[in-house]
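What follows is a set of notes on a single structure, which appears directly below.
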């Protein structure tokens with residue numbers, strides 16, 4: 001089905017054609033008609049299946065039809081990280097070029113005073129931001145919530161996780177104070193959203209377990225994890241992981257094929273150490289993590305690292321799970337994990353940075369005996385096949401014991 005059949009505004013369809021996007025994905029076909037009909041929707045779909053456009057296209061199309069209120073935005077989009085907020089804002093800029101609709105990015109890495117000044121000048125129709133910064137702006141009565149038409153939770157399960165639920169709850173309490181929640185179109189999405197989490201979101205938004213029912217939609221695209229991504233396991237003792245990583249990067253980079261690798265570790269200190277060792281050995285790499293020790297990486301530094309990786313100026317981006325959710329970085333060939341995450345959801349989000357938009361990708365886990373056992377448990381739980389590999393004579397090979 002194409003976007004004209006789904007009722008998207010012609011100006012947005014033209015924008016999509018610039019990227020050669022002409023056919024809607026399964027999740028877009030299911031979600032767009034619901035939001036166009038002013039229905040609240042919670043939806044789950046594999047990474048790289050177009051969830052952002054699934055909610056942006058119908059909401060923006062409806063916004064073109066609505067009369068602009070005297071004050072305050074009509075749409076509020078919440079996301080957990082500044083990187084994801086910035087990405088959503090970029091997609092809005094892309095769709096809204098030449099449009100009368102104005103958007104604004106509100107994230108914590110920017111000076112609050114400067115942000116307030118810019119907000120007053122912009123008078124946005126749509127605001128994208130993390131819950132804490134949006135709460136501050138609303139508390140100072142800069143962000144007016146009286147005329148909200150739609151509220152979006154992007155990476156919804158993270159927004160109501162233990163680490164973020166207080167910020168999200170505080171913001172929703174202000175929305176309830178100034179808005180009529182029963183008239184707000186609520187949408188939430190993630191690759192790992194489930195019905196229990198959807199109930200939690202409704203409780204946070206409405207202040208109780210009750211509220212207007214929302215449709216829960218699952219996509220048929222969820223087989224990407226098994227069909228589009230090849231899973232590898234490479235054994236390495238902990239003290240040799242850095243060397244194994246460098247050997248792997250050298251082995252997969254050939255004259256015939258380029259490499260764009262995203263490397264995950266669990267902690268910022270570990271990520272910083274891996275990055276410094278790669279750079280010491282002249283591997284073009286950048287780093288994306290929240291902080292090193294007690295020192296946070298600034299928003300500018302994180303943006304610079306992402307820009308270097310996106311543009312191809314560096315082949316490798318070393319990150320914590322800060323980059324695991326929502327980020328759409330084109331043409332990542334390999335995701336390499338130097339540990340096994342504690343839960344399957346984190347593994348799914350890491351994998352989801354590759355194998356996007358119909359492409360194929362490779363997920364590599366480098367670990368010791370303990371981590372290989374954990375990976376084996378994830379393999380069974382997610383019903384994927386993890387292929388053992390080893391590095392031999394500068395190449396990635398099937399271990400001899402498995403090749404007979």
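The values are calculated or read from the model by the stated rules, or taken from the named source; none is laboratory data. All values derive from a computational prediction rather than experimental measurement. Counting neighbours? That spans all protein chains shown, and the Cβs are built from the backbone with ideal geometry, glycine included.
Grab the strands (runs of 3 or more DSSP E) fully contained in the stretch 319-394, keeping just those with 3 or more residues being under 20 Å from the mean Cα position of the chain (by Cα) and within 26 Å of residue 286 (Cβ to Cβ).
Hits in the stretch 319-394: 334-337, 361-367.
The residues of the stretch 112-157 that are at pLDDT 95 or above, part of a loop (DSSP other than H, G, I, E, B) and within 21 Å of the chain's Cα centre (by Cα) amount to a single one, 130. Evaluated against (1) farther than 22 Å from residue 37 by Cα; (2) modelled with pLDDT under 95, residue 167 falls short on exactly one condition, (2). Each residue in the stretch 277-311 was checked for being at pLDDT 90 or above and assigned to a loop (DSSP other than H, G, I, E, B), and 4 pass. Of note, residue 81 satisfies the criterion of being under 18 Å from the mean Cα position of the chain (by Cα), touching a residue at least 40 places away in the same chain (Cβ under 8 Å) and farther than 17 Å from residue 27 by Cβ. Checked against (1) assigned to a helix (DSSP H, G or I); (2) in contact (Cβ under 8 Å) with a residue 60 or more places away in the chain, residue 57 passes all but condition (2).
Answer yes if at least one residue in the stretch 251-272 is without any contact (Cβ under 8 Å) to a residue 12 or more places away in the chain, closer than 13 Å to residue 338 by Cα and in the same structural domain as residue 342 (by TED's automatic domain parsing), and no otherwise. Walk me through how you get there before you give the answer.
Within the stretch 251-272, the first condition is being without any contact (Cβ under 8 Å) to a residue 12 or more places away in the chain, and the residues that meet it are 254-256.
From the residues that got through so far, the ones that are closer than 13 Å to residue 338 by Cα too are none.
Within the stretch 251-272, none of the residues are without any contact (Cβ under 8 Å) to a residue 12 or more places away in the chain, closer than 13 Å to residue 338 by Cα and in the same structural domain as residue 342 (by TED's automatic domain parsing).
Being in a helix (DSSP H, G or I) and under 25 Å from the mean Cα position of the chain (by Cα) is a condition met by at least one residue of the stretch 257-269. Looking at the stretch 61-68, is at least one residue surrounded by fewer than 20 Cβ atoms within 10 Å (Cβ to Cβ), without any contact (Cβ under 8 Å) to a residue 60 or more places away in the chain and in contact with a strand residue (DSSP E or B) (Cβ under 8 Å, 6 or more places away or on another chain)? No: the stretch 61-68 contains no residue that is surrounded by fewer than 20 Cβ atoms within 10 Å (Cβ to Cβ), without any contact (Cβ under 8 Å) to a residue 60 or more places away in the chain and in contact with a strand residue (DSSP E or B) (Cβ under 8 Å, 6 or more places away or on another chain).
Within the stretch 71-83, one or more residues are in the same structural domain as residue 214 (by TED's automatic domain parsing), farther than 23 Å from residue 169 by Cα and out of contact with any strand residue (DSSP E or B) (no Cβ under 9 Å at 6 or more places or on another chain). The residue of the stretch 84-106 that is farthest from residue 321 (Cα to Cα), among those that are touching a residue at least 40 places away in the same chain (Cβ under 8 Å) and part of a helix (DSSP H, G or I), is 95. Put simply, of 87, 139 the only residue that is more than 21 Å from residue 179 (Cα to Cα) and either out of contact with any strand residue (DSSP E or B) (no Cβ under 6 Å at 6 or more places or on another chain) or crowded, with 20+ Cβ neighbours inside 10 Å (or both) is 87. Of (1) out of contact with any helix residue (DSSP H, G or I) (no Cβ under 7 Å at 6 or more places or on another chain); (2) assigned to a helix (DSSP H, G or I); (3) buried (at least 23 other Cβ atoms within 10 Å of the Cβ), residue 14 satisfies all except one. Which? Of everything listed in (1) out of contact with any helix residue (DSSP H, G or I) (no Cβ under 7 Å at 6 or more places or on another chain); (2) assigned to a helix (DSSP H, G or I); (3) buried (at least 23 other Cβ atoms within 10 Å of the Cβ), residue 14 misses just condition (3). Scanning the stretch 1-11 for residues that are in a helix (DSSP H, G or I) and either farther than 18 Å from residue 62 by Cα or touching a residue at least 12 places away in the same chain (Cβ under 8 Å) (or both) yields one hit, 11. The residues of the stretch 18-39 that are assigned to a loop (DSSP other than H, G, I, E, B), under 21 Å from the mean Cα position of the chain (by Cα) and over 22 Å from residue 332 (Cα atoms) amount to a single one, 24.
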